[in-house]
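Read through the structure below, which is laid out as C-alpha cells, and then see the notes.
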Amino acid sequence: MKITLIGAGYVGLVTGTCLAEVGNNVLCLDVDPHKIATLKSGGIPIYEPGLEDMVRRNVAAGRLDFTTDIAAAVQFGDIQFIAVGTPPDEDGSADLQYVLDAARNIGRHMNGFKLVVDKSTVPVGTADRVRATIAETLASRGLEVDFCVASNPEFLKEGAAINDFMSPDRIVIGTDSERATQLLRRLYAPFQRNHERLVVMDVRSAELTKYAANAMLATRISFMNELALLAEKLGADIERVRQGIGSDPRIGYHFLYAGCGYGGSCFPKDVQALRRTAREYGAPLRILDAVETANEAQKRILVEKLKSRFGAQLDGRRFALWGLAFKPNTDDMREAPSRVIMEALWAMGATVAAYDPVAMPETRRLYGEHPSLMLAPHPMDALRDADALLIVTEWKAFRSADFAAMKALLRQPVIFDGRNLYDPATMRREGFEYFPIGRQA
Ligand SMILES: NC(=O)c1ccc[n+]([C@@H]2O[C@H](COP(=O)([O-])OP(=O)(O)OC[C@H]3O[C@@H](n4cnc5c(N)ncnc54)[C@H](O)[C@@H]3O)[C@@H](O)[C@H]2O)c1
C-alpha cells in the first residue's frame, strides 16, 4: 500500500519505518527542513533503539523516503497518517494547529480518495474537525472528492517503540466507515498474525481511549509516589509494598514504581488536556487534578531531601546527576524531572555535573553553555569532588555500580536515589548516606 506519514517525529518516523518494513511504500513528510535533510543524508534525528538500521534498510530497499514537498506527499499516499505534535496550549488544552494545518494541506492537494488517519493524540471531537477542515478546503477548490477520517491512536513507548509497533498489544481503530475498517485491517494484518489485535470502535471512544490509557498509567505512578512518602514516615518499604500488591492479578506489576516523578512528551500534556476537556464538559476528573499535583511535588522530592541534608544555601556546592532523559532508552527531555532538579539546584547556588548515555546533546541544545552545568563524558567523571550524587533516570548502566570507586570520587558518600536502584542495607554497609524513595535510609 502507499502510505504518507505527515510529521516525521517519534511517532511518524517509527510508524512510517515499521509500515515500510512489512512491505508498504512510505513517504514521510515534515515541515522541518533540518529533520528531512538529516533523514535524507542517512542520519536519524532522534535516539530510538533499532530505528537507524531499520530506516537504512527500508530506504535502501526503496520503500521509505522523506520529503518537505507537501503536494507530493499528499498525492503519494492512499492513506494519510497525521502524526504531528499536539503540544499543550497555554490553558492546558491540546494545541491542534499542526493537526488542522495537516488537514488543510490534505484538502488543498488531494485529487482522489484518501483515508485520513489521526495518529496524533487528540481531544475527542478532533476527527470531526479534521473532516470539516478537509471538506471546507475541498469546497473552496470547487471539488467534490471522497475521503474518510479515522482515529488510530498510538500506544508505542519511546525506547521500545519498534517492538511496540511491530508487536502491539492492541490496535485501536475509531471509525464508522466500513471502507476505512477494511483498509486499516489490511494495513495492520502483518502485525497481528498470531491473533486479532484490532479493536474497532466509534471515533470518539477511540480518541478518549488514548487519553484514558495515559491518565490511568500516570495515576498509578502518582498513587505509588504518594504512598512512598507515607511509607517513609511509617517505617515501611515501598518496594515490598509494590511486590505485595503487584502480585494481585487485578493490580499487576506494571507502572507501580515509586520514583522522582513522571515526565516526557505524553503523560504530562495528556493528563492536562484530559482535565481541561473534563472541566469544559462539566464532568471534572478530580482524580487527575491530584495526579498532576502529586507529580509536580514528586519532581522536586530529591531537591527537598537534599535541602534537608545540605540546607537551602548551596553556594560552592557541586552535585553529580546521573540521568537527564525523562526515562531510559530515549534522548527525550520534554518535562523531564532532571530539568526541574537542575534548575532548582542552580537557583540555590549549586553547580551540576551531569551524565546521560544519550541525552547530553539534547541537554546542550536546551541549556547551551550554562555556566553551572558540566556534562561529564563518563558517569564516574561526574562524581569527582561532588557533594552528593542524584540518580534521576534508571539507565541500566547505573544499576551495577562500583561503590568503592564512587566513594573515592565523591567529596562525601551521599546518594539521593530517585529510582530506587540500590538496596538500602547494602548501601549502609558500603558506608553511604543513602536516600531512596519510600524506603528506610
Ligand atoms: N512520543 C511518543 O512517545 C508518543 C506516543 C504516542 C503518541 N504520541 C502522540 O503522537 C503525536 C506526535 O508526537 P511525537 O512525539 O512524534 O512529536 P514530535 O514533536 O517528535 O514530531 C512531530 C513532527 O511533526 C512535524 N510537523 C508539525 N506540523 C507539521 C505539518 N503541518 N506537516 C508535516 N509535519 C509537521 C514537526 O516538525 C515534528 O517533526 C503527539 O500527538 C503525541 O502526543 C507520542
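Each value in this text was obtained by applying a stated rule to the coordinates, not by laboratory testing. The structure displayed is predicted, hence computed values, not measured ones. Here the Cβ is made from the backbone with ideal geometry for all residues, glycine too, and neighbour counts use every protein chain on show.
Could you list log10 I(q)/I(0) for the chain at q = 0.09, 0.10, 0.13 Å⁻¹, which the Debye formula gives when each Cα is one point scatterer? Values returned for q = 0.09, 0.10, 0.13 Å⁻¹ are -0.64, -0.77, -1.18. Computed on region 286-398, with alpha-carbon pairs under 8 angstrom and 6+ residues apart, the relative contact order is 34 percent.
Counting only lysines at least 8 places from Lys327 when in the same chain, those with an alpha carbon closer than 17 Å to its own are Lys157, Lys269, Lys299, Lys396. Using a simple spin-label model with pseudo-atoms 7 Å out from Cα toward Cβ, Ala189 and Phe255 lie 3.3 nm apart.
When each of the peptides 426-436, 70-80, 264-274 is scored by how many other beta carbons lie within 10 Å of its residues on average, the order from highest to lowest is 264-274, 70-80, 426-436. Counting every pair of alpha carbons in region 299-435, the share spaced more than 19 Å apart comes to 44 percent. Given the options Val14, Val22, Val149, state which has the largest fluctuation in a GNM of the chain using a 10 Å cut-off (strictly under) for Cα springs. The residue with the greatest mean-square fluctuation here is Val22. The GNM of the chain, with springs linking C-alpha atoms under 10 angstrom apart, assigns the highest mean-square fluctuation among Cys148, Cys18, Cys28 to Cys148. Under the convention that each Lys and Arg Cβ holds +1 and each Asp and Glu Cβ holds -1, the size of the dipole of the chain around its Cα centre is about 620 debye. With the charge dipole of the chain set up from +1 on Lys and Arg Cβ and -1 on Asp and Glu Cβ about the Cα centre, the Cα lying farthest toward the positive end among the listed residues Ile44, Leu306, Tyr434 is that of Tyr434. Over the residues of the chain, the helix contribution to mean residue ellipticity at 222 nm works out to -13500 deg cm²/dmol, using -39500 (n - 2.57) for each DSSP H run of at least 4.
Extension gain, Ala37-Met348: 0.36 nm per intervening residue step, less the Cα-Cα distance, totals 107.8 nm.
Each residue, Glu90 and His378, gets one label point 7 Å from its Cα in the Cβ direction; the gap between the two is 5.0 nm. Relative to one another, the C-alpha centroids of region 225-295 and region 135-184 are positioned 30 Å apart. In a fully extended conformation the segment linking Glu178 and Ala135 would gain 13.5 nm over its present Cα-Cα distance, using 0.36 nm per residue. The relative contact order of region 2-201, computed from alpha carbon pairs under 8 Å that lie at least 6 residues apart in sequence, is 19 percent.
Full extension of the chain between Val145 and Asn111 yields a length gain of 11.6 nm, computed as 0.36 nm times the residue separation minus the alpha carbon distance.
The mean sequence separation of alpha-carbon pairs under 8 Å and at least six residues apart, normalised by the residue count of the chain, gives a relative contact order of 12 percent. Cut-off 10 angstrom, C-alpha nodes, Gaussian network model of the chain. Which of Leu373, Leu285, Leu39 fluctuates the most? Of the options given, Leu285 has the highest mean-square fluctuation. Label positions at Ala71 and Lys407, each projected 7 Å from the Cα along the C-beta direction, are separated by 7.1 nm. Quick check: from the Cα gyration tensor, does region 1-121 come out rounded (a/c under 1.5), prolate or oblate? It is oblate, given that a/c is not under 1.5 and a/b is not larger than b/c. Counting DSSP beta bridges with both partners in region 2-201, what percentage is antiparallel, nearest 5? If we restrict to bridges inside region 2-201, about 5 percent are antiparallel. Name the shape class, rounded, prolate or oblate, that the alpha-carbon gyration tensor gives for region 2-201, where a ≥ b ≥ c are the square roots of its eigenvalues, rounded holds for a/c under 1.5, and otherwise prolate holds if a/b is larger than b/c and oblate otherwise. Since a/c stays below 1.5, the shape of region 2-201 is classed as rounded.
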